[in-house]
Amino acid sequence: MRGLVKMLVLLCVALTLSCHRRPLFDPEDSALLKVRLVTEGIHNVTCDIYNPNIEVAPITSEMLRVLIYDQSGMQILSQGFISSKSIDSNGYEVFSGPLALSAGDYKLLSYNFDLDYTKVYNESHYNTIEATTQVVPQYYYSRFGSRAEGIGTIYYSPEHLMVAREPELEMKEHQGVKSIELDAHTVVDTYYIQIRITGAKNMAKNASCQAMLTGVSASNCIGPNLRNQDTPAALYFEMKRNVDPNTPEGENEDVLCAVFNTFGKVADAQSDLHITLSVLTRDGKTHQKVVDMEPIFATDDARERHWLLIDQVWDIPEPIVSDGGGGFTPDVEDWEDIEETIPIGPRPR
């Protein structure tokens, strides 16, 4: 057993010594990196709020990852994390940390690291490092029936990935600590979507509307900031029952709506740009509606403010029940969430 432990220790030491990446900080060639998360002007998050009833998660972070490439972008020279955070006069979060960079030319990339669904891959090259989200479980596909066939991969909605980049960082000989200041901006778009409904009372209690939007980008190459336009993907998110605060007086204000994030609409995906909405009524039946989103994305509201206001009314049908119950048409009441403690252990005597 002791021999095995010694072998593992020696292996770890060998791997450490074989690494050619420089540490992120060295007392020599010192520099101080400051990255500011700029959240101004993000539609439906910090500006152009259509429905204030919808709660939107704030854009914040506790840690940034930093990658230093050579000038060609083909090799990572060093990488690390910065977590020292302050707030500037504009209310932006500013992260700072030391770097070790000798005189030369580099490419620098930094992004918020503490995200749940958004992941970064292919980081070995500056031009190929790519952000995408997790694929939804296979059983989600069944929620949309035949509509999910042949549409490719369905992804979760991404969080806001705040990226700071300096593709031409020139470090000259200097005395003392050199300051490098960068602004990080999101590579994600946020949209507000809604459709007017009637028969909201017919939906199952606490049920949401499952939405699948096709014709969107699955990823972003965050170095050059290029969205994937080659293979349109689908995006999954949920819409909730709410009211439209901009409804004219006296008209029905019930809507299904959501605020969702995406890496963007694929430019030439006109024929594939649809949304499939799926709701559950109180009798346990699923009802769907498919909407062509191309004309919606072409509106001024969508282009200028990222508001997807579907100019249709979806009538949610009444549940099928009988007067007396039984047979093939039993009475069905509202679904309710029941919390009950189930004892586990030996049966009492």
Please name all residue pairs, on different chains or six or more residues apart, with Cβ atoms under 7 Å, provided the first residue is in region 189-209 and is on the phi > 0 side of the Ramachandran plot and the second residue is in a strand (DSSP E or B) and surrounded by fewer than 20 Cβ atoms within 10 Å (Cβ to Cβ).
Gly199/Asp315
Condition test on Val313, is it touching a Lys or Arg at 6+ places or on another chain (Cβ under 8 Å) and either open to solvent by 50 Å² or more (accessible area, probe 1.4 Å) or on the phi < 0 side of the Ramachandran plot (or both)?
yes
What are the pairs, 6+ residues apart or on separate chains, where a residue within region 149-167 that is within 20 Å of Gly73 (Cβ to Cβ) has its Cβ under 8 Å from a residue that is of a type in the set (S, T, N, Q) and open to solvent by 50 Å² or more (accessible area, probe 1.4 Å)?
Val163/Asn225; Arg165/Asn225
Hey, Glu238 closer than 20 Å to Met212 by Cβ, touching a strand residue (DSSP E or B) at 6+ places or on another chain (Cβ under 8 Å) and of a type in the set (Asp, Glu) or not:
yes
Tell me the residue from Ser142, Ser86 that is open to solvent by 40 Å² or more (accessible area, probe 1.4 Å) and in contact with a helix residue (DSSP H, G or I) (Cβ under 8 Å, 6 or more places away or on another chain), please.
Ser142
Only one of (1) surrounded by fewer than 18 Cβ atoms within 10 Å (Cβ to Cβ); (2) closer than 21 Å to Gly176 by Cβ fails for Leu108. Which number is that?
(1)
Note on region 117-126: residues surrounded by fewer than 19 Cβ atoms within 10 Å (Cβ to Cβ) and either more than 25 Å from Ile222 (Cα to Cα) or touching a Pro at 6+ places or on another chain (Cβ under 7 Å) (or both) are Tyr117
Note: among Asn90, Asn51, just one is touching a Cys at 6+ places or on another chain (Cβ under 8 Å) and either of a type outside the set (D, E, K, R) or more than 30 Å from Leu256 (Cβ to Cβ) (or both), namely Asn51
Taking the conditions exactly as written (over 26 Å from the mean Cα position of the chain (by Cα) and open to solvent by 30 Å² or more (accessible area, probe 1.4 Å)), does Pro52 satisfy them or not?
no
From the list Ser86, Ser78, Ser124, Ser96, pick out the single residue that is closer than 22 Å to Val187 by Cα, assigned to a strand (DSSP E or B) and small (Gly, Ala, Ser).
Ser96
Residues satisfying the stated conditions in region 182-213, i.e. farther than 28 Å from Asp300 by Cα, open to solvent by 10 Å² or more (accessible area, probe 1.4 Å) and in a strand (DSSP E or B)
Leu182, Asp183
Which numbered condition in (1) open to solvent by 20 Å² or more (accessible area, probe 1.4 Å); (2) not in a strand (DSSP E or B); (3) not charged (D, E, K, R) is the only one that Pro158 fails?
(1)
For region 127-139: of the residues being outside any strand (DSSP E or B) and in contact with a strand residue (DSSP E or B) (Cβ under 6 Å, 6 or more places away or on another chain), which is least open to solvent (accessible area, probe 1.4 Å)?
Val136
For region 205-260, enumerate the residues that are in contact with a helix residue (DSSP H, G or I) (Cβ under 9 Å, 6 or more places away or on another chain) and hydroxyl-bearing (Ser, Thr, Tyr).
Thr214, Tyr236
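The values are calculated or read from the model by the stated rules, or taken from the named source; none is laboratory data. Keep in mind that what you see is a predicted model, and the values were worked out from it rather than measured. Please note: Cβ atoms are built from the backbone with ideal geometry, for glycine as well, and neighbour counts cover all protein chains shown. Just so you know, the surface numbers come from the protein's heavy atoms only, side chains and all, with ligands and any DNA or RNA stripped out. Shrake-Rupley method; radii C 1.70, N 1.55, O 1.52, S 1.80 Å.
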